[in-house]
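Chemist: There's a structure below that I have some questions on.
The values are calculated or read from the model by the stated rules, or taken from the named source; none is laboratory data. These numbers were taken from a predicted model, which means no experiment stands behind them. Note that we place each Cβ from the backbone using ideal geometry, even for glycine, and neighbour counts take in every protein chain shown. When the accessible area is computed, the model is the full protein with side chains, heavy atoms only, and any ligands, DNA or RNA have been set aside. Shrake-Rupley method; radii C 1.70, N 1.55, O 1.52, S 1.80 Å.
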Amino acid sequence: MGGAPAFVADDLPGDYPNGFDLKSEGHNTVVNVGNKTYLIGGTDHGSKSTIGVRVSDKRTGGWVTPTVLGTRPKPSEVISAVILNEDRIFILKGDSSPDDCFWFLEVDTPFVQEKRKEFGTEVVAWSKGVVGDAKKPIVISGPSGVGKGTLISALMKEFPSTFGFSVSHTTRAPREREQNGVHYHFTERSVMAEEIRDGKFLEFAEVHGNLYGTSIEAVEVVADAGKRCILDIDVQGARSVRASSLEAIFIFVCPPSFEELEKRLRARGTETEQQIQKRLQNAKAELEQAKSQGLFDHMLVNDDLETCYASLKKLLDLDEAVEIINESSPPLVDLPRDHSVSKIDKKILISCGTRERASKNIFLLDLSSLKGGAPGRTRGLDIYTSDSMTNGINVAVEGDGEHLHEVEVIQEYEIEGEGPSIMK
Ligand SMILES: Nc1ncnc2c1ncn2[C@@H]1O[C@H](COP(=O)(O)OP(=O)(O)OP(=O)(O)O)[C@@H](O)[C@H]1O
Ligand SMILES: Nc1nc2c(ncn2[C@@H]2O[C@H](COP(=O)(O)O)[C@@H](O)[C@H]2O)c(=O)[nH]1
């Protein structure tokens, strides 16, 4: 959907919301979306280290401080905003580092709608914008003792630059040699329950008498590192991830027999007899549930370890693969304080420099393939850069060849409306 860029307002009609001092809190942006006005800027009421948000509903008047979800951006003195699809506001922070300049404030996405119902308050959710896409995560499930951890370790050892492990949270006690933050985030039940309520988990489940869960951050940090995320989770967790917006490949690992599973669990020697019994009991249910139509994409039988590992690599297209370390990364933009923003469909044109100074750099941000969103990152931003000369576009692209063509296309766009607004 098209639409005009949001305006940068230093003049806010009506009363300023409580706790929002425009003079002392720097730059603010006012954005009208439907019946609501969002004032974005300054600092947050509770935490002075994050951007503040206030909302006013035209029908009821007055300003409220919404429940703010997701990871919040640090305050900025130069904020521009563009409304996207009436459900989120794209925020550009002009004085920030390249990995901190693009953000989305979700105001009416399905996630926000759901949380608004749940909390009964006004809700907004922040999501950091990331250039480029993440590789599809791999979910590996199977009964306790079948060999999931063994297979994952082998994969990570052979392809350390390709794969990253999603470090789960658990309330179970650490085993000997298990390290906090490496094998699990070992945590108290009350703390984890609170974080689940705050919406920080992609999935969680009660497994063998303890609480286990994958935090959104655990998956995002792996993608941030440019790696493919591997999740070792139970069948309930796999079902939750399947129902989430995360697109993944789902693999179920079966034992060759129930007797062999029991033998492996006992030989591992990490559980008491009572715990072994519980895990074996749960294994029966998991093997049954794994047959659910459409839950798993692949089934692997872990009889001989080497054969099973070879099959795993084959289905991940890694057989005979030598790890290629891809050091190319998407171009980064150093967004200066002086820039103007225009929106053309799902593309944002950013011109750097002032009206007075003809020399400009132009960036084109393509938002047509966005993926994910709050409470995780919003990935899939495509960025095309060019160095503009006085009489045309002199392309100096830091990306690949495809991008070069796209940058040249900028010249064909007609900017409608009042034209770019100059950020202060
Ligand atoms: N194919 C195999 N043949 C024989 N032993 C195996 C095989 N695969 C794994 N094992 C052994 O079985 C035991 C259980 O394996 P592992 O710890 O990897 O299971 P898991 O599925 O990750 O269990 P959990 O879900 O409890 O974490 C380990 O001692 C491991 O060395
Ligand atoms: N739903 C989730 N299940 C998880 C997660 N992390 C691990 N697990 C599963 O728990 C059992 C037991 O693990 P153990 O380390 O105590 O032996 C096993 O099936 C794991 O796959 C999680 O984050 N969510």
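Chemist: Please state which of the following conditions THR50 fails to meet, knowing it meets all the rest: (1) touching a Pro at 6+ places or on another chain (Cβ under 7 Å); (2) free of Cβ contacts under 8 Å to residues at least 12 places away in the same chain.
Modeler: The single condition THR50 does not satisfy is (2).
Chemist: Still on this structure, please answer the following. Can you work out which of the residues in segment 252-265 that are in contact (Cβ under 8 Å) with a residue 40 or more places away in the chain and either closer than 28 Å to SER161 by Cβ or among the basic types (Lys, Arg) (or both) is nearest to ligand 1 (Cβ to nearest atom)?
Modeler: ARG264
Chemist: Which of (1) free of Cβ contacts under 8 Å to residues at least 24 places away in the same chain; (2) away from ligand 1 (no atom under 16 Å from the Cβ) does PHE159 not meet, given it meets every other one?
Modeler: PHE159 satisfies all of (1) free of Cβ contacts under 8 Å to residues at least 24 places away in the same chain; (2) away from ligand 1 (no atom under 16 Å from the Cβ) except (1).
Chemist: What number of residues in segment 129-160 are over 26 Å from GLN281 (Cα atoms), within 16 Å of ligand 2 (Cβ to nearest atom) and touching a helix residue (DSSP H, G or I) at 6+ places or on another chain (Cβ under 8 Å)?
Modeler: Counting residues in segment 129-160 that are over 26 Å from GLN281 (Cα atoms), within 16 Å of ligand 2 (Cβ to nearest atom) and touching a helix residue (DSSP H, G or I) at 6+ places or on another chain (Cβ under 8 Å) gives 2.
Chemist: A further question on this structure: Which residue pairs have Cβ atoms closer than 6 Å, lie 6 or more positions apart in sequence or on different chains, and pair a first residue in segment 183-199 that is hydroxyl-bearing (Ser, Thr, Tyr) with a second residue that is surrounded by 15 or more Cβ atoms within 10 Å (Cβ to Cβ)?
Modeler: Hits for this filter: TYR184/SER168; TYR184/THR170; THR187/HIS169.
Chemist: Let me ask something additional. Considering only residues that are crowded, with 21+ Cβ neighbours inside 10 Å and assigned to a strand (DSSP E or B), which ones fall in segment 154-169?
Modeler: Residues satisfying the conditions are PHE163, GLY164, HIS169.
Chemist: For segment 181-264, give me every one of the helices (runs of 4 or more DSSP H) that falls completely inside it and has 1 or more residues that are at pLDDT 95 or above, closer than 21 Å to ARG72 by Cα and open to solvent by less than 70 Å² (accessible area, probe 1.4 Å).
Modeler: Fully inside segment 181-264 and qualifying: 189-197, 216-224.
Chemist: Now for a different question. Among the listed residues ILE230, ILE249, identify the single one that is touching a strand residue (DSSP E or B) at 6+ places or on another chain (Cβ under 8 Å), away from ligand 2 (no atom under 14 Å from the Cβ) and either outside the structural domain of GLU195 (by the TED database) or in contact (Cβ under 8 Å) with a residue 40 or more places away in the chain (or both). Steps first, answer last, please.
Modeler: Working: ILE230 fails: away from ligand 2 (no atom under 14 Å from the Cβ).
From the options ILE230, ILE249, the qualifying one is ILE249.
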